[in-house]
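First comes the structure, then the notes that go with it.
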Amino acid sequence: MASLSRNLLRLRPRTTTPLRTFSSTARSNLKVLSILYPGGKHSSVTPHFGPLAQSPNPQPSLLGTVENELGLRKWLEDQGHELVTTADKEGPNSEFEKHLEDAEVIITTPFHPGYLTKERLAKAKNLKIAITAGVGSDHVDLDAANKTNGGVTVIEVTGCNVVSVAEHVLMTILILVRNFVPAHDQARSGEWDVGAVASSSYDLEGKTVGTVGVGRIGERVLRRLKPFDCKELLYFDYQPLNKEVESEIGCKRVADLREFLGRCDVVTINCPLHEKTKGLFGEEVVGWMKHGAILVNTARGAIVDKDAVAAALKSGKLSGYGGDVWYPQPAPKDHPLRYALNTEGGGNAMTPHISGTSVDAQVRYAEGTKAILEEYLSGRHGYREQDLIVRGGGYVSRAYGERAKRGGK
Ligand code: NAI
């Protein structure tokens, strides 16, 4: 498919040379374990929208599911490798734990993460590489991975779904600012009470929006906000944009989190989950936000304290919370952010974890996963620098907190 190869070319500029310590011979007979979400009856759906729908040989829309296995099964089996795929990932009797010990490669996705905890890594005696089919590798205990089997490589498909997430962020901001969900509920339920919804519906124009994290997603969010004529576009990040990009977007860095939050009407979280961001938006930090502000989190569920956010909505401190990330995933039925509402009975724009798994994004992360696997199986190990999170016992990425730097982002 022409669009597939175009995407692959975009994803695979080789920028790294293999490290000398890694074997350069092709491998055979190895076990690949993949943990993906179940597509069920939807796994046979093919694209019906946009250029993907024009393909004469359409692939399934849900490439990243247990049923479709990122399109890897035949390719791996033809090379003599074993592929085990499951969605059963929790607890000691899960399929995940059963196959953990002999898997040399583990592939998982943030949408249905196979959590590679310290305890699980200790059991994974053969594990050499953990591939994230997507972006965000916090489901792996990265410090423990650095100490496992001489350093497990943790690698992801950088950039594969950043546009998908940025679009979801924009949508969520507008849904909350304009009070869309309660208005749509009225339309569907046969009600008509304009006052009830219009009393909490505003314009985005003239408001201040800020992103925590201005990497690939955060920057794209700011760029997409530019035509909305916001009062200010701000960001908080220890890796600043260069001055030309700042002036092109018309945004400013605020180095102090408390000052940053005190200026924003809308805050969007676009940084990875690591030890400095876990639980960051707890009672104290939410308290630094403006009264009635909106918080959007498409980064990771554990960056916010779910009870603190639910309480802030209830008290009126926050007028809206939205996004698509939860901890753990799948979110339990009693997760408070499924049901939390603001003082007017609205303000909740949560969805299951879907923003980065659009049909278009799945094509890109399936291709990117295969390209990484190909580098591993061939023994070339010519990974893109920007895909590497940890390797050889240390951090390559600079996005997982300020620490000793080895290059890459
Ligand atoms: P990126 O690596 O391009 O940018 C992350 C930025 O966050 C970096 O500039 C980094 O310096 C900054 N950062 C790290 N710690 C910070 C802190 N304590 N305070 C402020 N900034 C901090 O990553 P990208 O592609 O923009 O993705 C960001 C995150 O979004 C991912 O790590 C993942 O958790 C999440 N994500 C969610 C998806 C979804 O489907 N909901 C899909 C893709 C990513």
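Descriptive notes on the structure:
- As a proxy for reagent exposure, ranking SER44, SER137 by other Cβ atoms within 10 Å from fewest up yields SER44, SER137.
- Nearby lysines by direct alpha-carbon distance to LYS317 (threshold 29 angstrom, same-chain neighbours under 8 apart not counted): LYS207, LYS226, LYS231, LYS252, LYS276, LYS278, LYS290, LYS306, LYS333
- Cα gyration tensor category, rounded, prolate or oblate, for the stretch 278-384 with a/c compared to 1.5: prolate
- Its Cα gyration tensor gives the stretch 161-350 an equivalent ellipsoid; the semi-axes, largest first and in whole Å, are 26, 20, 15.
- Secondary structure note: in the chain, about 10% of the DSSP beta bridges are antiparallel.
- Considering every alpha-carbon pair of the stretch 133-180, the percent of pairs per 5 Å bin, from zero through the bin containing the longest distance, is 5, 18, 16, 14, 13, 11, 9, 7, 4, 2, 1.
- Taking other C-beta atoms within 10 angstrom as a stand-in for reagent exposure, CYS160, CYS251 fall in the order CYS251, CYS160, fewest first.
- Fewest-first sequence of ARG253, ARG364, ARG384 by Cβ atoms within 10 Å of each Cβ: ARG253, ARG384, ARG364
- Ranked packing of 195-203, 128-136, 235-243, 372-380, most packed first, by mean Cβ within 10 Å: 128-136, 372-380, 235-243, 195-203
- Rounded to the nearest 10 degrees, the angle from helix 306-315 to the longest Cα principal axis of the chain is 10 degrees.
- The stretch 198-284: GluC sites (Glu not before Pro) in DSSP coil with no more than 15 other Cβ atoms inside 10 Å: GLU205, GLU275
- Whole-number percent relative contact order across the chain, with pairs defined as alpha carbons under 8 Å at least 6 apart: 20 percent
- Ellipsoid equivalent to the chain - semi-axes via the Cα gyration tensor, in Å: 37, 24, 21
- Average Cα contact separation per residue, the stretch 161-350, under 8 Å, 6 or more apart, as relative contact order %: 21 percent
- Helix 216-225 axis, angle to the chain major axis (alpha carbon atoms, nearest 10°): 30 degrees
Taken together, the values in this text are just the output of simple stated rules run on the coordinates, not laboratory data. Because the structure is predicted, anything quoted here is derived from the model rather than measured. Heads up, the Cβs are rebuilt from the backbone with ideal geometry, glycines too, and the neighbour counts pull from every protein chain shown.
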